[in-house]
Every structure is written in structure tokens, then in C-alpha cells.
1. Highest first, please rank the peptides 77-83, 382-388 by the mean number of other Cβ atoms sitting within 10 Å of their residues.
2. Within the set of other residues whose C-beta is less than 15 Å from the C-beta of residue 2, count the net charge using Lys and Arg as +1 and Asp and Glu as -1.
3. Can you check how the C-alpha radius of gyration of the range 337-399 compares to 2.2 N^0.38 Å, as a plain ratio?
4. Can you compute the modelled spin-label distance between residue 210 and residue 261, with each label point 7 Å from Cα toward Cβ, in nm?
5. Where a Cα-Cα gap under 20 Å defines reach, which aspartates and glutamates qualify for residue 364, not counting those fewer than 8 residues away within the same chain?
6. Output wanted: per-residue J couplings in Hz (rounded whole) for the range 378-392, from phi through Karplus 6.51 cos²θ - 1.76 cosθ + 1.60, θ = phi - 60°, x for Gly and Pro.
7. Please turn the phi angles of the range 57-64 into ³J(HN,Hα) values with the Karplus equation 6.51 cos²θ - 1.76 cosθ + 1.60 (θ = phi - 60°), one per residue in order, whole Hz, x for glycine and proline.
8. Starting from 0.36 nm per residue, how many nanometres of slack lie between residue 295 and residue 3 once their C-alpha separation is accounted for?
Amino acid sequence: MNEDLIRKIEAAFTARFGSLDGAKLYFAPGRVNLIGEHIDYSGGYVFPCALTIGSYCIAKPRADRKLRFYSINIPKADVIETSLDDLHPLMEKGMWTAYPKGVIWAMAQAGYACTKGLDVVYGGDVPNGSGLSSSASLEVVTAIMLRDLNGFDEAKLNNIELAKIGNVAENRYLGANTGILDQFASAMGRKDSAILLNCGTMEYEYAPISMRGKRIVVTNSNKPHSLVNSQYNTRRAQSDAARDALKKVIPGMVNLCDIDLKTFYEHADVITDKVIFKRAKHAISENQRTIDSLKALKAGDLNRFGDLINEAGESIRYDYEATCEETDLLVDAARIQPGVLCSRQTGGGWGGCTVSIVDDENIKDFMANVQRIYSARSHYHATFYVVDVGNGPEIIKQY
Ligand code: ADP
Ligand code: MG
């Protein structure tokens with residue numbers, strides 16, 4: 001719990017909206033994907049965990065239908081005033097309030113229309129746009145707040161439904177073509193656990209993750225990347241091409257990740273294009289590594305988990321070719337540091353962040369050394385976030 005941040009949100013609420021009496025404080029976490037990259041759209045598993053950093057909000061219902069939003073992270077936008085009757089999908093490009101408004105809209109679409117206006121102040125300690133999913137934490141914290149303040153039935157509108165609503169907001173209100181991974185990890189996070197999730201079927205399972213004196217270090221290359229870019233679409237098309245070729249000779253196959261590596265190699269001659277072959281090899285092997293990660297963590301074998309993460313890093317780099325010079329450099333620099341279990345690029349790719357697991361006592365030197373190597377050989381400066389596996393969303397208190 002970031003007490004300092006909570007105090008700032010409280011002060012901002014009082015300054016803009018008056019008394020905190022009757023208001024409530026909520027939290028939802030950010031997330032990092034540990035393994036299972038670029039296979040959610042091929043029917044494969046992802047393996048994220050929720051973090052102890054996330055988004056907070058203090059909200060108080062109003063008697064009318066007005067919505068007043070403020071974020072201490074975006075002070076220059078000041079208070080944004082709107083209403084429950086002013087929700088228009090795809091019309092609010094560049095406005096941070098499109099996230100909470102999108103969630104209100106998506107909830108109404110799901111049959112849960114909010115009737116009371118709100119005064120809300122947000123604040124988060126997830127760096128925006130760096131791949132730790134501040135957007136999902138913002139959506140999920142809004143969703144649990146709306147469920148609570150409107151008295152929506154928690155048995156029906158459970159946290160998985162809230163994740164779906166957050167995703168609908170992001171896809172249809174904001175127009176960002178993203179999968180359910182981020183919102184699911186935030187809404188369903190559990191302390192000391194990673195979550196094996198099939199984004200297509202929503203089948204999931206928790207794995208205990210005991211860090212034993214190690215911590216997760218996320219390193220932002222600060223090389224900008226855009227998910228909705230041509231490379232991403234090309235990879236999707238290549239994965240689909242591999243699937244379509246294999247489906248013709250493998251009865252019952254629906255998704256690329258339905259088959260194991262052995263079956264893939266037995267039939268791989270139907271894929272004549274070398275590049276398509278590599279893309280398929282990544283997807284199918286990555287899915288296997290993700291399932292093996294669950295087994296490794298269940299057996300308490302953190303070293304094996306580290307090896308799988310490193311192998312996943314090689315696969316995304318050489319077979320899927322979804323990395324870039326900057327994240328490759330960060331991974332190479334990380335892996336030669338003392339106390340490093342593993343390191344790989346995480347997230348959409350072609351920039352963004354790497355994830356490393358590092359012995360606590362080595363983290364200070366790790367950051368200094370990686371920064372030195374990175375700044376000397378790239379045009380960017382890295383930013384480091386030492387993060388811990390955390391719980392899902394919470395209602396923290398009533399004022
Ligand atoms: P990521 O999810 O990787 O952090 P995104 O670009 O998907 O990056 O989402 C970042 C956007 O989410 C920000 O630009 C902002 O609009 C919104 N956002 C996230 N957290 C907050 C916050 N605490 N207050 C206001 N807006 C936020
Ligand atoms: Mg996001």
C-alpha cells in the first residue's frame with residue numbers, strides 16, 4: 001500500500017470536491033507478463049502476475065448524473081466534468097478520462113447501468129505507457145468502484161466479468177485492439193502467485209511463486225513502441241498462415257497452439273516459407289514453455305523457471321523477431337550481471353521493457369551496470385522498476 005500516494009489522493013479530493021465523508025478508497029494492481037509472449041492470439045497461454053503497484057481512486061457518489069474526474073498523475077488536465085449521459089465510444093482520443101468513461105459505458109452495455117454521478121480522484125504508481133499496464137489497473141479500479149458504489153451483484157458481476165468489461169472499454173470505447181491478459185491479471189491477481197491463463201477460453205490456474213530473496217526488475221528501454229503497428233499485424237498474419245497450413249493436415253486442430261512441438265515437426269513440411277516456420281516454432285514452443293513454467297513453479301523449482309524465461313527470450317528474439325536492438329542490449333547486459341536468474345523482453349515488443357529476476361543484494365549494482373552499458377551503446381537511458389508480486393483489487397477503506 002503506497003501510503004504517501006494515498007495521502008496525496010486524499011488531499012487532492014478534499015481540495016477539489018470537499019469532504020471525504022462518505023467516500024471510499026479502492027485499488028487495482030498493474031501487471032507484468034512473465035512468460036507466454038505473442039501467443040494469446042494463437043490460442044496459447046500467458047503467465048502474468050499482479051504487482052504491488054497499481055491505480056488507486058477515491059470516489060463519492062453524487063445525487064445527480066454528473067461525473068467529475070481528476071487524476072493527480074495528470075494535473076494539467078485539471079478536473080474534467082462530464083455526465084453519465086455523455087458517453088461516446090471512439091470520440092475521446094488522447095483523453096485519459098476515456099478509460100473510466102469507457103468502463104462506465106461497457107458496464108452499461110453488459111446490463112449494469114450506473115445511475116448515480118460521481119466525484120472521483122485517481123492516482124497511480126505504475127509508470128504510464130511502459131508496459132506494466134497502468135491502463136488495465138485504471139479500468140479495473142474503476143470497475144470495482146462502480147460495482148461497489150452501485151451495489152451490483154458481486155456473484156454475477158465477479159472479477160472475471162470486471163476484467164471483460166475493462167477489456168471491452170479498451171477495445172470498443174478507446175479503440176485499442178488489446179487482449180484480456182492485462183485486465184485479467186489485474187482483476188484476478190493473487191499475492192505470491194502467477195496466473196496461467198488461456199485468453200481464448202478464459203481457463204486459468206494459479207501457480208505459487210516464491211521469490212526466495214530475489215525480486216523482479218523491470219527495465220524500460222524507453223524506446224517507444226506501438227502495439228497497433230504493422231509489425232504486430234504482420235506477426236498475426238504469419239501465425240494465422242502457419243495455422244491454416246497445419247490445419248489442413250492435422251485433424252481437429254483449431255488454433256496454432258493446439259499442437260505440441262512433436263506434432264509440429266511431424267507436419268512442418270507443409271510450411272514451405274522459412275519465416276512462417278520460425279513464427280510457428282515460436283508460438284508452439286512458447287506455449288510449451290508456459291505450461292512447463294506452471295509445473296516448475298508448482299514444484300518450487302525457480303531455477304527451471306528462470307531457464308524457461310531465458311529460452312522464451314531467445315525464441316521471441318530469433319524466431320519471432322519481435323525484439324529490437326535496445327531490448328536485446330538490455331537483456332545481454334542483464335544476463336552477465338551477478339545474481340541474475342533470467343532476463344527477457346516482455347510485452348508487445350519492438351521496444352518497451354525487459355523483465356529480469358535478480359538477487360535482492362545485487363539489484364543496486366545490476367541497475368548501475370546495465371545503465372552504464374545501455375547508455376554507452378544506445379541513444380536511450382533506461383528506467384528501472386523493482387516490483388513485487390501483489391494481490392488483486394481491493395476496497396481499502398470507507399471515509
Ligand atoms: P500502459 O497500460 O502500458 O501503462 P497505456 O498506453 O495502455 O500504457 O496506458 C497509459 C494511459 O492510461 C495513460 O496515458 C493515461 O491516459 C491512462 N492512465 C493510466 N494511469 C492513469 C492515472 N493514474 N491517471 C490518469 N490516467 C491514467
Ligand atoms: Mg495499457
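The values are calculated or read from the model by the stated rules, or taken from the named source; none is laboratory data. None of the values given here were measured: they were computed from a predicted structure. Cβ coordinates were reconstructed from backbone atoms using ideal geometry, including for glycine residues, and neighbour counts include every protein chain displayed. Each accessible area value is taken on the protein alone, full model and side chains, heavy atoms only, with ligands, DNA and RNA left out. Shrake-Rupley method; radii C 1.70, N 1.55, O 1.52, S 1.80 Å.
1. Numbers: 77-83: 14.0, 382-388: 17.9.
In decreasing order of mean packing, 77-83, 382-388 become 382-388, 77-83.
2. Values: positive: 7, 8, 397; negative: 3, 4, 10, 125, 388, 394.
Value of the local net charge: -3.
3. The value comes to 1.46.
4. So the label points at residue 210 and residue 261 sit 2.8 nm apart.
5. 332, 388
6. 9, 8, 10, 10, 7, 10, 10, 10, 8, 10, 10, 5, x, 7, x
7. Karplus values, whole Hz, x for Gly and Pro: 8, 10, 10, 9, x, 10, 7, 9.
8. Gain in length upon complete extension: 101.5 nm.
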